[in-house]
1. Residues of the stretch 1-27 being in contact (Cβ under 8 Å) with a residue 24 or more places away in the chain and crowded, with 16+ Cβ neighbours inside 10 Å, which ones?
2. So, R36, is that one outside the structural domain of T137 (by TED's automatic domain parsing), under 28 Å from A152 (Cβ atoms) and not aliphatic (A, V, I, L, M) or not?
3. Sort through G210, G192 and tell me the only one that's on the phi > 0 side of the Ramachandran plot, over 18 Å from the mean Cα position of the chain (by Cα) and exposed (fewer than 14 other Cβ atoms within 10 Å of the Cβ).
4. Which residues, counting only those in the stretch 304-318, are outside any strand (DSSP E or B) and surrounded by 18 or more Cβ atoms within 10 Å (Cβ to Cβ)?
5. L159 is checked against (1) under 21 Å from G35 (Cβ atoms); (2) buried (at least 18 other Cβ atoms within 10 Å of the Cβ); (3) free of Cβ contacts under 8 Å to residues at least 40 places away in the same chain; (4) among the aliphatic types (A, V, I, L, M) and fails just one. What number does that condition carry?
6. Hey, can you tell me all the residues within the stretch 290-303 that are loosely packed, with under 15 Cβ neighbours inside 10 Å and modelled with pLDDT under 90?
7. Report every pair of residues separated by at least 6 positions or lying on different chains whose Cβ atoms are under 8 Å apart, first residue within the stretch 251-270 and more than 12 Å from Q136 (Cβ to Cβ), second aromatic (F, W, Y) and crowded, with 18+ Cβ neighbours inside 10 Å.
8. Restricting to the stretch 137-172, name every residue that is within 12 Å of the chain's Cα centre (by Cα) and among the hydrophobic types (A, V, I, L, M, F, W, C).
Amino acid sequence: MRIDILSLWRRRLARRERELAEDALKHLLGLEHQGRRASFQSLAGALRLSDRRLMALAGHLERKGLVRTRGQDFLLTPDGERRALQVVRAHRLWERYLADEARLPLSQLHGEADRHEHRLSVVQVDQLDASLGHPQTDPHGDAIPTRDGALAPASGVALTEWRTDAPGRIVHLEDEPPIVYAQILAEGLRIGQIVRVLDATPERILLTDGETQFRLAPAVAANVSIAPITDQTERPAGTVSLSDLSDEAEADVVGLDDACQGFTRRRLLDLGFTPGARVASEMRTFAGDPRAYRIRGVLIALRREQAQQVLVRPVQRKVPDVGLPSGSEHHAAQL
């Protein structure tokens, strides 16, 4: 029994050391993406460790080849960056799962993901990514690193920097600190929402989505990122929702709507609704919902709300030129 207790204690200690190391790497990565350098003081504040404990951790990371020092700054090595991106990928995918499948309130996502990000192996993270349909962003609008470690750059600017009376789309809601994020959620702001700044003063930012007005303190508005409305944020030209495809018409799948996430996205991809696939609208029920579509040789029934999430480009059917027999012009005129 004594040996088992000692072994359990050692395993817990090793797990705690690994979690601290990964949290340190994630902190360094976050600052580097902001164009800043992590210092002894910033690490101590982020990890809440004593100077002695932090020095031991820093030495461990340096011996492992994950960080290097430059004066008072800590820098990630290529191996350290890869490790940090793995943790960030696990965290953001887990948030996506909790939001889409577990329906956890947005205010609780970050804390739960923090507790689970260290427990997932690379294989488990890959499986989670596939089961969710390879989402590109987490529920806050942050890009999710790919399996190869590629990370799309952040888009948008802070709402405090946005010009007055110009419409834009909300692309990111910063979830830290939690008290500020809670205020953003309480206002009813969300990713993808199109808003326009009506007035900006040192005391408050006034904006609207066309129906509701929102008043935010500048410190809160700074945690909301907004980007121009471009062709990339709007539906691609020439596309319609699959639900709007005419009866007996054909179309090529362009992709799935960004709002389609979680199990629904995974199911549609598994059914073959991937870019470039040819789909045909074949029949509908008496009530019109669901409708049957043929894709990859299989007839599949989709409800309207599912078909609305599939973007397609209709195919123009070519009318065969069969020609007319000699003298047909004369007979046609007589008819």
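The values are calculated or read from the model by the stated rules, or taken from the named source; none is laboratory data. Keep in mind that this is a model prediction, so the values were computed, not measured. So basically every Cβ, Gly included, is an ideal-geometry build from the backbone, and we count neighbours across all protein chains shown.
1. If the condition is that a residue be in contact (Cβ under 8 Å) with a residue 24 or more places away in the chain and crowded, with 16+ Cβ neighbours inside 10 Å, then E19, L20, A21, E22, D23, A24, L25, K26 are the ones that fit.
2. yes
3. It is G210.
4. Q306, A307, Q309
5. (3) is the only condition that L159 fails.
6. R303
7. V253/F273; G262/Y97
8. Across the stretch 137-172, the qualifying residues are A143, I144, L151, A152, A154, V171.
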